[in-house]
Amino acid sequence: MVHSEAATADVLVAGAGPVGLTAAAELRRRGISCRIVDRLPARLPYAKAVGIQPRTLEIWDRMGFVRAALEAAVPMRGQLTYVNGVEQPRLDLVLPPEVPYRFAALPQYETERIIEGFLEGFGTRVERGSELVSFVQDADGVTCRLTTPAGEEEVRTRFLVGCDGAHSVVRKGLGLAFEGGAFPEEYMLADVELDWDLPYGYAVRAMHHDAGGAVDDVLVCIPLPGACRYRVSMPVPPELSTAAPTGADAVAHGLEGGRAPELRHIQAVVDRMSPQPATASALRWSSVFRISHRLVDRYGRGRVFVAGDAAHIHPPTGAQGMNTGIQDAWNLAWKLALAVEGAGAPGLLASYDAERRPVGQEVVGRTVRQAAEGVQADPEDADTLMMRQAQLLVGYRGSPLVQADPQAEDGAGTGAGPRPGDRAPDCGGLSGHIAAYPMRLYDLLRGREHMLLLYGPGPELDGLAELASVVRGHAQSRVEVCAILAEARPEAEADAGPAAPVPVYRDGRGEFARMYGVREPAAFVVRPDGYLGARLCPPTLSGLEAHFRTVFGSGS
């Protein structure tokens, strides 16, 4: 056994799927040493999770590699639904114009390739063929035992993050409950080409209802990059069906080995269910899978955390699973980075469970309900439903890490702009003094940590600049500051130019004021994960100090 007394990395990430890769990439982007291990010798060439939500694209924008994803993906424009061969109203995936990205489809192996390439830019590679088999934590760190191609290795690390899937070793090692249930049905997944002429960029869901109105057959096709290429799912024929695994630790979820459907199995369902005659060809891979719905009772304990399928599993309805897991990792990584640096408040890491477990609970409940009743069955208006499916309504109001909103408490202004804990929306039309083109707010936030946005309705900078200077000192230089002004008189341009104590941008089209619901001086703290930590109207030093103490502790 290879033995290591000292910590070989600040964080060990178990599992190199999209969730683990996101966690590792975010840690390395912040300069935190990290190892990431995966038991598989190579990425699986399977189009498992394929739906990419707009919120995930916003995350990748903030991280800095969204362009690679946009160039590799195909648009998801909507869904065509057929019941007993009769076309139903078309579902178009439409979002407000201020949302910067739309829905997309990308095979999971491509998602992994893109994030892994980004991670390698920081000098960190996935250690393949290496598996976490056990761990023990104490007050100062975690001792992990790995099996590697070179033999067993004992690793000492400060934190451990389990992104190791539905059968998570980390979850089991923590002794966490994983309650839920399973669907009795088995399904086939396959990656094929279909020679129909249905509209490009639309998913297809064809269902058959029996005499009692129950669904007794279904074909779901999700577009993939490539001509006429789809990931298809459908019920398993009797000849491929097996009993579900049993036992206290059995989790019947995901792909199952040993039973690969053939093209003839796929074609038989296409012949029954396709809305028009079609031939399936070019089978790239296939598998049988089962679906369970479970949620862990807590997202971590001590120095060990779980994320993604290790914490929540549910039906693939609405492509929520992988995207939710990526947001788990996104939420946890910046907090771990501050903890490693000794700059986080005592309750910072505990906020991961407080913020993300309610999200997992909502997603599990919603996807189970939608699997039984359909996406359109949710009791929300169409616009709200679309924003929720896009994961743009995920938020952390009431979190111990976001500042209480006095306007919400007294009922004033609750409908104007985002509140603390909400996603910080994008806006356009910002201009500087050198760039001759309008910028987006997300251009200013890309690659940054905490950002204090100081809004002023006029050209005056004196009060805002003084506040920015004091905040920088109190927050240990961990907060970047910029001012957004509604207008600027010509004589004020020089004062607000390169010599100004903070970068200054003009809200020339009033989009920031409209999206953030402000007309008077205000301060917004945007967290590293793109959510508002605080909103102060008017901005006060005491209010900002109180918020930063919840993040950085008494030393802020």
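The values are calculated or read from the model by the stated rules, or taken from the named source; none is laboratory data. Only a predicted model underlies this, so the values are computations on that prediction, with no experimental measurement involved. Note that we place each Cβ from the backbone using ideal geometry, even for glycine, and neighbour counts take in every protein chain shown. Just the protein is used for accessible areas: all its heavy atoms, side chains included, with ligands, DNA and RNA removed. Shrake-Rupley method; radii C 1.70, N 1.55, O 1.52, S 1.80 Å.
See the values below:
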read-out: Whole-Å semi-axes of the chain's equivalent ellipsoid (Cα gyration tensor); value: 42, 30, 20
read-out: Contour minus Cα-Cα distance for residue 268 and residue 196 (0.36 nm per residue); value: 24.4 nm
read-out: Theoretical FRET efficiency, 1/(1+(r/R0)^6), r = Cβ-Cβ of residue 466 and residue 383, R0 51 Å, to 0.05; value: 0.75
read-out: Cβ-based charge dipole, segment 73-182, positive-most Cα from 76, 86, 111; value: 86
read-out: 3J(HN,Hα) from dihedral phi, segment 230-237, Karplus parametrisation 6.51/-1.76/1.60, rounded to Hz, x for glycine, proline; value: 9, 9, 10, 9, 6, x, 7, x
read-out: Furthest towards positive pole of dipole, 100, 548, 27, structure part the chain, Cβ charges; value: 27
read-out: Alpha-carbon centroid distance for the pair segment 53-120 / segment 414-442, whole angstrom; value: 22
read-out: In degrees, nearest ten, helix 541-552 long axis to first principal axis of the chain (Cα); value: 40
read-out: Order by protection proxy (mean Cβ within 10 Å, highest first), peptides 331-344, 201-214; value: 331-344, 201-214
read-out: Sorted peptide list for 147-159, 528-540, criterion being average Cβ within 10 angstrom, highest first; value: 528-540, 147-159
read-out: Among 132, 227, 319 the positive-end extreme of the charge dipole of the chain (Cβ point charges); value: 132
read-out: Segments 62-75, 167-180 sorted - mean Cβ within 10 Å per residue, highest first; value: 167-180, 62-75
read-out: Spherically averaged projected area of segment 299-342 from its Cα convex hull (nm²); value: 3.1
read-out: Crossing angle, helix 321-340 versus the chain [Cα axis fit, 0-90 degrees, rounded to tens]; value: 40
read-out: Two-decimal Rg/Rh across segment 71-197, once Rg and the Kirkwood Rh are taken from alpha-carbon atoms; value: 1.09
read-out: Total charge dipole magnitude, segment 100-150, about the Cα centre, Cβ charges on Lys, Arg, Asp, Glu only, Debye to nearest 20; value: 200
read-out: Magnitude of the charge dipole, the chain, Cβ model with Lys/Arg +1 and Asp/Glu -1, debye to 20; value: 620
read-out: Calculated from backbone phi, Karplus (6.51, -1.76, 1.60) coupling profile of segment 24-34 in Hz, x at Gly/Pro; value: 5, 5, 5, 5, 5, 4, 9, x, 8, 5, 8
read-out: Of all accessible heavy-atom area on the chain, the percent that carbon and sulfur account for (1.4 Å); value: 52
read-out: Residues whose placed amide H lies under 5 Å from that of residue 306, excluding near-sequence neighbours; value: 162, 300
read-out: Size of electric dipole in segment 281-364: Cβ of Lys, Arg +1 and of Asp, Glu -1, about Cα centre, debye, nearest 20; value: 240
